[in-house]
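Novice: I have a structure here, written as structure tokens, and I will follow up with some questions on it.
The values are calculated or read from the model by the stated rules, or taken from the named source; none is laboratory data. Model, not experiment: these values are computed from the prediction. Positions of Cβ are backbone-derived with ideal geometry, glycine not excepted, and every protein chain shown enters the neighbour counts.
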Amino acid sequence: MTTKLILDTDIGGDIDDAICLAYLLMQPECDLLGITTVTGEPEKRAALASVLCEAAGKDIPIYPGLDQPILGEQRQRVAEQAVALPRWPHRSLFPRGEAVEFLRRTIRAHPGEITLLTIGPLTNVGLLFALDREIPHLLKEVVMMGGVYLRWEPGLEWNVSLDTVAASIVFGSPVPVRAIGLDVTLQVNMPADEVRRRFTAPILRPVLDFAEVWFEEQPAITFHDPLAGAAIFDPAPAGSEDAICRFEPGLVTVDLATEPGRTVFTLGQAGARHAVAIEVQPERFFDHYFRVVTGAGSAPPA
């Protein structure tokens, strides 16, 4: 069976969004119903997403979303990787002002079936939940890359801190949430030279081009967002020693006053609707990821 999924992304900043979308497009168990973009220059972000959809030969609905947080100033104004757009076939016309309505309409059409994968600031989703209080009850789950849960050394995480109000709305809603935090994703890295050597699959060619923009400032890639995507389709049974990520149940709250954007995780809360990744096996992740994007399937390594 396939999993119905909607992706909400700020593709165009950190390269890991594009790496995640490439995985979803090649994952045979993923029924990608649509893509919404968020933060500054959402139309350019939509165009970047369309490059990968074109490369995969898939006609996926793409809706540019909100370019400002619910409260406060936008700190992610530019989609840097958009400089690569002239080199790749892409769409340039998108519905405007319809991302939240697309989410609402699509989730209502498939009650209890859709996984919402959020790999950017939660502005679109927070506004959706605020406008339609029934939507959290109609989702199968939210899987997000966001927050810091096990240790505080990494500091504030970007996706949560860019719109703390939206993040608080999502965690405060009745929807089940699985969160993969910065303290776990930072363990999954690849230096630039290895990326260039391994990104040979057709779907990864435009991603590698986007990555060269990233490498102008960074010497490596951290696979934050692809780890969240892979956690949805991990072929290992949940909780097994072969799982890419191990999750623990609990309750997450978002600090809005003392240290805005800090995520507080209470482990083992009774009746918890949240689960947080507490361990990752990087090599199992990479084996799984490259099996999928190269078309070798989603089976675990032998």
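Novice: If I ask for residues that are under 12 Å from residue 42 (Cα atoms), part of a loop (DSSP other than H, G, I, E, B) and in contact with a Ser or Thr (Cβ under 6 Å, 6 or more places away or on another chain), which ones from region 91-120 would you list?
Specialist: Passing the criteria: only 120.
Novice: Of everything in region 104-120, what is more than 17 Å from residue 30 (Cα to Cα) and touching a strand residue (DSSP E or B) at 6+ places or on another chain (Cβ under 8 Å)? Give them in sequence order.
Specialist: Of everything in region 104-120, just one residue is more than 17 Å from residue 30 (Cα to Cα) and touching a strand residue (DSSP E or B) at 6+ places or on another chain (Cβ under 8 Å), namely 120.
Novice: Can I ask one more? Restricting to region 281-302, name every residue that is buried (at least 21 other Cβ atoms within 10 Å of the Cβ) and either modelled with pLDDT under 95 or among the aliphatic types (A, V, I, L, M) (or both).
Specialist: Scanning region 281-302 gives 292, 293.
Novice: Then there's this: Taking only region 91-103 into account, find how many residues are in contact (Cβ under 8 Å) with a residue 12 or more places away in the chain, surrounded by 13 or more Cβ atoms within 10 Å (Cβ to Cβ) and either farther than 25 Å from residue 29 by Cα or among the aliphatic types (A, V, I, L, M) (or both).
Specialist: Qualifying residue count, region 91-103: 7.
Novice: Something else about it: Scanning for something touching a strand residue (DSSP E or B) at 6+ places or on another chain (Cβ under 6 Å) and at pLDDT 95 or above, does region 201-211 turn up at least one residue?
Specialist: Scanning region 201-211, I find no residue that is touching a strand residue (DSSP E or B) at 6+ places or on another chain (Cβ under 6 Å) and at pLDDT 95 or above, so the answer is no.
Novice: Can you find even one residue in region 223-245 that is more than 25 Å from residue 114 (Cβ to Cβ), in a loop (DSSP other than H, G, I, E, B) and modelled with pLDDT of 95 or more?
Specialist: Looking through region 223-245, none of the residues is more than 25 Å from residue 114 (Cβ to Cβ), in a loop (DSSP other than H, G, I, E, B) and modelled with pLDDT of 95 or more.
Novice: Looking at region 52-78, I want the residues that are over 16 Å from residue 13 (Cα atoms) and have a partner that is at pLDDT 95 or above and exposed (fewer than 13 other Cβ atoms within 10 Å of the Cβ) with Cβ atoms under 9 Å, at least 6 apart or on another chain. Which pairs are those?
Specialist: 53/59; 54/89; 55/89
Novice: Applying the selection to region 86-136, what residues are among the small types (Gly, Ala, Ser), closer than 24 Å to residue 160 by Cβ and either modelled with pLDDT under 95 or in contact with a Gly (Cβ under 6 Å, 6 or more places away or on another chain) (or both)?
Specialist: 99, the sole residue that qualifies.
Novice: Scan region 246-294 for residues that are part of a loop (DSSP other than H, G, I, E, B) and under 21 Å from the mean Cα position of the chain (by Cα) and jot them down.
Specialist: Within region 246-294, 261, 262, 273, 281, 294 meet the criteria.
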